[in-house]
2 protein chains.
Amino acid sequence: MRALKSPTMECPSSYDPFAMTKAIAEKPRLSEAEFIAGFHAIGEERYHHKHPFHSLMHEGKLTRGQLQAWALNRYYYQKHIPLKDAAILARSNDPDFRVAWRKRIVDHDGDGKKPGGIEKWLKLVEATGLAREQAIVGDGILPGTRYAVQAYVLLVSRKTHLEAVASSLTELFSRSLISLRMDRMRQHYPWLAPGLDYFTGRLTQAPEDAEFALKYCVQHARTREQQDLAHAALRAKCDILWAQLDALYFAYVQPGWPPPGAFRPEERA
Amino acid sequence: MRALKSPTMECPSSYDPFAMTKAIAEKPRLSEAEFIAGFHAIGEERYHHKHPFHSLMHEGKLTRGQLQAWALNRYYYQKHIPLKDAAILARSNDPDFRVAWRKRIVDHDGDGKKPGGIEKWLKLVEATGLAREQAIVGDGILPGTRYAVQAYVLLVSRKTHLEAVASSLTELFSRSLISLRMDRMRQHYPWLAPGLDYFTGRLTQAPEDAEFALKYCVQHARTREQQDLAHAALRAKCDILWAQLDALYFAYVQPGWPPPGAFRPEERA
């Protein structure tokens, strides 16, 4: 058989929270610039800006029902973000780290006065024409969405703290995707406009968060093995985002059969 | 909006191992016959015998590369079965239960003389033309496969013991699927014949295991709430099997793009 040239081959290949971390052959430590460039190369290859579901979204080719399915399933991801961040918080003995990371929980849960990201996402759900209760109850969420999100919570709970922080670094890439998305949504789906506040917030939050996390990774990945694990964690997180869009594409775009029990848009019913 | 008629609506709707079990409104306890019939109704609706990937397999329409992808990904599931069963074993204080359940681990890991199910599945991988090492290392496994399998291990580790046992009841339905599969594999893919020992073993193992587990559920689901939770656990397990075939279908059948880093069959390269 042809030898597989998989980009994961030099790193922990099956990123499995139940498995022991494998020993990696001795390799020279990367310079700070190489280490950071490694994260960007992973994003270029694996971040979900290249997923065909996003291409259809940005070309205005998604139906309202498909956007409903996207908003509904992505809400399940959004509502787990503070749980994911609390798990990371719960593993740090450093008060300065905890203060910095706590900001993320406030961003998503709100401060009791201004709405947080979860509430804003419910506004997006409503803008698609679905009731917020449907998202909150979670009926019809795709199993593939649930499993990917649970894999994210499991990753930050079971892998090293460095890997947990590194897995957040998709935020390095989110600003330009969000800018493009907001632009194209206003153009192609103007009826979504009342629901775009979430993205406005993320335009500034995500780069701040990414800057802190990247600095943390640079400081704490002291060996080449740790550097490789940090890269692998970002790769694993990209897989988690990608798999959620795979599940949506397969269920709602082409060939388009939602699994038993999943949300069915009206126009397909 | 139209009210959704989801078959999950009367049961814990988002089967989430991180969530608290929800209170369920008082309903009359089901008779033993109704309770058992409920499991069979769930299998009829949700077991993966109806998945289009299996239809293609049984009609002889899968390529060798697609069967390789199936064997490779399903190996990841197979190798976690003893971990799943050990997690269930680890939660029981009843020696009789442990003796009975231990059989499953022996069936999959072998007894040091006769090969177990995992070794037999490696023979199937080899019959497809892939090296066993590729399955063992796990390069190119689809993220969707990993997440679904991890969700299964999480379910049996975090939900009640009754739900963990009930989730195994897909074995009530596996015998007829395996019989059909063996028949159609010999007909359409005769080159797979040296790899079919796994299925021969399961023809007798699965019904024995299912009988024990069903009896356990009948004895231990004493309230309607417990009966509903047991049904929901089987539904959740069906979702886990179904999602694995979704991931395969989406990556390798139509439209067919494996995510970055996943196995690529030769004929598509």
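Just so it is clear, none of the values below were taken in a lab; they were calculated from the coordinates. What you see is a predicted model, and the numbers here were worked out from it, not measured in a lab. In this analysis, Cβ positions are derived from the backbone assuming ideal geometry, glycine residues included, and neighbour counts consider all displayed protein chains.
Taking every DSSP helix (H) stretch of at least 4 residues in chain A, weighting each as -39,500 (n - 2.57) and dividing the sum by the residue count yields a mean residue ellipticity at 222 nm of -21500 deg cm²/dmol. Sorting the Cα pairs of chain B by distance into bins of 10 Å, from 0 upward, gives 6, 28, 36, 21, 8, 1, 0 percent per bin. Considering only B:Pro95, B:Pro259, B:Pro82, the Gaussian network model of chain B with Cα springs below 10 Å gives its largest mean-square fluctuation to B:Pro95. For chain B, modelled as a Gaussian network with Cα springs under 10 Å, which listed residue fluctuates most, B:Lys61, B:Lys84, B:Lys123? Maximum fluctuation in the GNM of chain B, among the listed residues, is at B:Lys61. Among the trypsin sites (Lys or Arg not before Pro) found in region B:174-269, those both in a DSSP coil and sparsely packed, with 16 or fewer other Cβ atoms within 10 Å of their Cβ, are B:Arg222. Annotation for B:Leu203, label-to-label distances across the other copies: 6.6 nm (shortest first, one decimal, point 7 Å from Cα along Cα→Cβ).
Please work out the FRET efficiency for the pair A:Glu208 and B:Asn93, using the Cβ-Cβ distance as r and a Förster radius of 35 Å; give the result to the nearest 0.05. Spell out each step's value before the answer.
Details: r = 50 Å, r/R0 = 1.44.
Computed FRET efficiency for A:Glu208 and B:Asn93 comes out at 0.10.
Residues B:Ser179, B:Ser31, ranked from the fewest to the most other C-beta atoms within 10 Å, line up as B:Ser31, B:Ser179.
Separation of region B:176-198 and region A:42-100, taken as the distance between their Cα centroids, equals 41 angstrom. Indicate the gyration tensor shape class of region B:203-269 (rounded, prolate or oblate), computed on the Cα atoms with a ≥ b ≥ c the square roots of the eigenvalues: a/c under 1.5 is rounded; otherwise a/b larger than b/c is prolate and the rest oblate. Cα axes put region B:203-269 in the prolate bin. Karplus-derived 3J(HN,Hα) values for region B:173-183, using 6.51 cos²θ - 1.76 cosθ + 1.60 with θ = phi - 60°, are 10, 7, 4, 6, 5, 5, 4, 4, 4, 4, 4 Hz; glycine and proline are entered as x. Taking a straight Cα-Cα cut-off under 22 Å and skipping sequence neighbours fewer than 8 places away in the same chain, the lysines within cross-link reach of A:Lys50 are A:Lys5, A:Lys61, A:Lys237.
The loop-placed GluC sites (Glu not before Pro) in region B:38-146, going by DSSP, that have at most 16 neighbouring Cβ atoms within 10 Å of their Cβ come out as B:Glu59. Among A:Glu171, A:Glu225, the ranking by other beta carbons within 10 Å of each residue's beta carbon, starting with the fewest, stands as A:Glu225, A:Glu171.
Relative to the other identical copies, B:Val106 shows label-point distances of 6.0 nm, where the label point lies 7 Å from Cα along the Cβ direction and values run shortest first. Using every pair of separate Cα atoms, the Kirkwood estimate puts the hydrodynamic radius of region B:107-197 at 15.5 angstrom.
Over all distinct Cα-Cα pairs of region B:83-133, the Kirkwood formula returns a hydrodynamic radius of 12.3 Å.
Shown for A:Gly129: label points 7 Å from Cα along the beta-carbon vector, and their distances to the equivalent points in the other copies, 4.7 nm in ascending order.
Straight Cα distances below 19 angstrom link A:Lys120 to the aspartates and glutamates A:Asp85, A:Asp107, A:Asp109, A:Asp111, A:Glu133, A:Glu171, A:Asp183, A:Asp197, A:Asp209, with same-chain residues fewer than 8 positions distant left out. Partner lysines whose Cα lies under 20 Å from the Cα of B:Lys114, excluding those fewer than 8 positions away in the same chain, are identified as B:Lys79, B:Lys103, B:Lys123.
Given in Å, the Rg to one decimal and the Dmax to the nearest whole number for the Cα atoms of the protein assembly as shown are 23.3, 68.
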